[in-house]
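Note sheet for the following structure.
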Amino acid sequence: MPLLQSFLDSSAIRQAKYDVPRRILSIWFVGNDRPYHYLDVPERVYEELADADSAGGYFNHRIRDHYDFVH
């Protein structure tokens, strides 16, 4: 099963993983050892997060409050 992973140069997010077949974006925030799992996220959103100049800003505008999550 394809799993994509990025370690981000961000003051807010330290790591993101994307489970391609399940469309789950897992995000580890700085200072938190457990990830938040965002559900039914398109792969392009993960790619845009990984390429964003500001991962925290991208998260705030395009992920938070747009996708259900479990923690």
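The values are calculated or read from the model by the stated rules, or taken from the named source; none is laboratory data. Keep in mind it's a predicted model, so treat the numbers as computed, not measured. When we count neighbours, we look across all protein chains shown, and the Cβ atoms used for this are built from the backbone with ideal geometry, even at glycine. Heads up: the accessible areas ignore ligands, DNA and RNA and are worked out on the full protein's heavy atoms, side chains in. Shrake-Rupley method; radii C 1.70, N 1.55, O 1.52, S 1.80 Å.
The single condition among (1) more than 17 Å from PRO2 (Cβ to Cβ); (2) touching a His at 6+ places or on another chain (Cβ under 8 Å); (3) of a type outside the set (Asp, Glu); (4) without any contact (Cβ under 8 Å) to a residue 24 or more places away in the chain that ARG64 does not satisfy is (2).
Where strands (runs of 3 or more DSSP E) fall wholly inside the range 1-66, the ranges with 2 or more residues that are open to solvent by 50 Å² or more (accessible area, probe 1.4 Å) are 3-7, 13-19, 36-38.
Matching residues to (1) more than 9 Å from the chain's Cα centre (by Cα); (2) hydrophobic (A, V, I, L, M, F, W, C):
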| residue | (1), (2) |
| --- | --- |
| LEU8 | yes, yes |
| ILE13 | no, yes |
| ILE24 | no, yes |
| ILE27 | no, yes |
| ASN32 | yes, no |
| SER54 | yes, no |
| PHE59 | no, yes |
| VAL70 | yes, yes |
